[in-house]
Amino acid sequence: MAIMLRAAGAWTGEGVVAPAEIHVDGARIAWIGRQGERPVPDGATVIELGAHWLLPGLVDAHLHLWGLDLSEPSALWSWTPAYRAARAVSDLGALLDAGITAVRCCGGPLGPSLARAVREGVVPGPHIVAAGEFVCSRAGTWDPAAWPLEWAERTGMFADGPDEIRRRVRERLRQGADFIKIGGSVGEHTDVLRPWGNDPARLRLSYGDDEVAAAVAEAHRNGLRVATHAIGDAAVRQALEAGVDTIEHGHGVTEDTAKRLADSGAWLVPTLSLPALRIERAPPAIAEGWKRHREVQRRSLQIALRQGVRIAAGTDFVGPPFTPLGPSAMELELLVEAGMTPEQALHAGTIGGAAAMGMADRIGRLAPGLEADVIAVPGDPARDIALVRRVGFVMRGGAVWKPLA
């Protein structure tokens with residue numbers, strides 16, 4: 001089916017076109033240029049978007065499709081996988097409504113199956129690349145130490161020593177994972193915010209150098225990328241030495257480590273949104289820890305920008321009540337508040353996210369031959385980044401998901 005989109009302008013990822021016109025043929029962009037430069041394709045449906053601006057569908061390069069409501073403490077072990085999957089499908093619709101047309105699920109057992117369901121057209125949703133369950137040391141990043149060890153072992157996340165790590169990587173491959181997510185840093189065992197640590201200056205390494213190297217070598221041998229939860233200079237350095245592909249969070253680094261990160265070509269996903277919402281919604285005693293992370297995140301982003309680190313936008317959202325899936329575009333606003341230009345933030349939320357997902361040849365820009373994932377906002381987002389939260393039109397793979405009201 002041929003569709004023609006007309007709008008006041010378009011931010012393409014490579015420049016600006018105004019007034020803009022996009023010709024869509026099936027699931028792909030056939031042409032983009034100024035209005036009137038080409039005739040209307042035969043039989044095309046013309047969609048007039050008026051004063052709106054077009055841009056590529058947004059990418060959340062770090063979230064978790066868990067299908068949970070974390071206000072229910074027992075949900076993680078008492079809700080059935082089928083019920084959680086149904087809730088996650090609803091979350092996928094909320095993401096599309098907000099203009100998020102691609103996501104990277106950075107840990108959780110539902111991810112690979114959801115990715116398959118979307119890929120095969122069973123359910124509508126953003127493009128998904130998924131890690132499957134975390135790979136974590138015992139007493140490491142995501143070990144739920146307050147719960148019985150027998151229950152925690154059943155999650156299948158634990159791996160200690162190079163041999164067990166290689167086994168877990170192969171299990172993830174068998175389960176359909178698109179990449180591997182490992183935990184590289186952890187707070188004190190008494191910390192309330194244990195995966196992040198109550199104090200970002202007091203974190204320890206979850207794995208030895210040989211263990212991280214084994215994870216990366218086994219994943220890369222099987223064609224999978226590796227993402228590492230790494231907060232603090234030591235964890236980021238260790239990950240870079242091993243050759244990881246993306247650093248998740250990554251704050252608390254020195255200028256020298258940031259330069260190493262830039263030189264490595266790995267992507268940094270800063271995830272400013274999680275602490276921002278937790279500060280607003282968590283009890284005061286817990287919010288204090290998130291405030292410490294927020295301040296270090298902002299300083300670290302400035303260091304990363306000075307050193308030329310490649311940045312992709314991701315939120316680390318999990319679900320209600322603290323981090324509902326959907327408002328991922330707030331990450332771009334926070335990146336601008338922390339020192340990026342609107343153009344840089346848009347790049348992080350489109351081209352950068354697509355590259356971190358391994359999909360730069362398919363999505364992230366408005367260009368002929370790429371998938372027709374197109375959204376529209378009421379104005380030029382390079383002038384006012386807050387417009388990314390006011391998505392009025394969404395096209396995913398050439399099909400209109402959200403028509404302009």
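The values are calculated or read from the model by the stated rules, or taken from the named source; none is laboratory data. Note that the coordinates shown come from a computational prediction; the quantities given were computed from them, not determined experimentally. Please note: Cβ atoms are built from the backbone with ideal geometry, for glycine as well, and neighbour counts cover all protein chains shown.
State whether one or more residues within segment 66-74 are crowded, with 21+ Cβ neighbours inside 10 Å, under 23 Å from Ala312 (Cα atoms) and touching a residue at least 12 places away in the same chain (Cβ under 8 Å).
Yes, segment 66-74 has at least one match.
Are there any pairs, at least 6 apart or on different chains, whose C-beta atoms fall under 8 Å, with the first in segment 355-371 and on the phi > 0 side of the Ramachandran plot and the second among the β-branched types (Val, Ile, Thr) and part of a loop (DSSP other than H, G, I, E, B), and if so, which?
Matching pairs, first to second residue: none at all.
Residues checked against (1) in a strand (DSSP E or B); (2) of a type outside the set (Asp, Glu); (3) within 24 Å of the chain's Cα centre (by Cα):
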| position | (1), (2), (3) |
| --- | --- |
| Glu21 | yes, no, no |
| Val24 | yes, yes, no |
| Pro39 | no, yes, no |
| Asp42 | no, no, no |
| Leu54 | yes, yes, yes |
| Val59 | yes, yes, yes |
| Trp66 | no, yes, yes |
| Ser71 | no, yes, yes |
| Trp77 | no, yes, no |
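Against the definition (surrounded by 24 or more Cβ atoms within 10 Å (Cβ to Cβ) and touching a residue at least 12 places away in the same chain (Cβ under 8 Å)), how does Ile247 come out, yes or no?
Yes; evaluated as a whole, the condition is true for this residue.
To keep it simple, each residue is scored yes or no on (1) in the same structural domain as Asn222 (by TED's automatic domain parsing); (2) in contact with a Pro (Cβ under 7 Å, 6 or more places away or on another chain); (3) assigned to a loop (DSSP other than H, G, I, E, B); (4) over 19 Å from Leu325 (Cβ atoms).
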residue: Arg104; (1), (2), (3), (4): yes, no, no, no
residue: Ala117; (1), (2), (3), (4): yes, no, no, no
residue: Val123; (1), (2), (3), (4): yes, no, yes, no
residue: Val129; (1), (2), (3), (4): yes, no, no, no
residue: Pro162; (1), (2), (3), (4): yes, no, no, yes
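So that you can scan it fast, the table gives a plain yes or no per residue for (1) assigned to a helix (DSSP H, G or I); (2) in contact with a Phe, Trp or Tyr (Cβ under 8 Å, 6 or more places away or on another chain); (3) within 29 Å of Leu70 (Cβ to Cβ):
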{"residue": "Ala234", "(1), (2), (3)": "yes, no, no"}
{"residue": "Arg237", "(1), (2), (3)": "yes, no, no"}
{"residue": "Glu248", "(1), (2), (3)": "no, no, yes"}
{"residue": "Thr257", "(1), (2), (3)": "yes, no, no"}
{"residue": "Thr271", "(1), (2), (3)": "no, no, yes"}
{"residue": "Ala285", "(1), (2), (3)": "yes, no, yes"}
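Which one of these does Ala386 not meet: (1) farther than 22 Å from Val24 by Cα; (2) buried (at least 22 other Cβ atoms within 10 Å of the Cβ); (3) hydrophobic (A, V, I, L, M, F, W, C)?
(2)
Can you tell me how many residues in segment 218-232 are part of a helix (DSSP H, G or I) and either farther than 15 Å from Pro162 by Cα or of a type outside the set (Asp, Glu) (or both)?
Counting residues in segment 218-232 that are part of a helix (DSSP H, G or I) and either farther than 15 Å from Pro162 by Cα or of a type outside the set (Asp, Glu) (or both) gives 3.
So which residues in segment 26-48 are in contact (Cβ under 8 Å) with a residue 40 or more places away in the chain and surrounded by fewer than 21 Cβ atoms within 10 Å (Cβ to Cβ), if there are any at all?
Answer for segment 26-48, where residues must be in contact (Cβ under 8 Å) with a residue 40 or more places away in the chain and surrounded by fewer than 21 Cβ atoms within 10 Å (Cβ to Cβ): Gly26, Ala27, Arg28, Ala30, Trp31, Asp42, Gly43, Ala44, Thr45, Val46, Ile47, Glu48.
Out of the residues in segment 318-334 meeting the condition of being over 14 Å from the mean Cα position of the chain (by Cα) and hydrophobic (A, V, I, L, M, F, W, C), tell me which one is surrounded by the fewest Cβ atoms within 10 Å (Cβ to Cβ).
The qualifying residue surrounded by the fewest Cβ atoms within 10 Å (Cβ to Cβ) is Phe322.
Being among the hydrophobic types (A, V, I, L, M, F, W, C) and part of a helix (DSSP H, G or I) is the filter; apply it to segment 273-283 and report the residue that is farthest from the chain's Cα centre (by Cα).
Ile279
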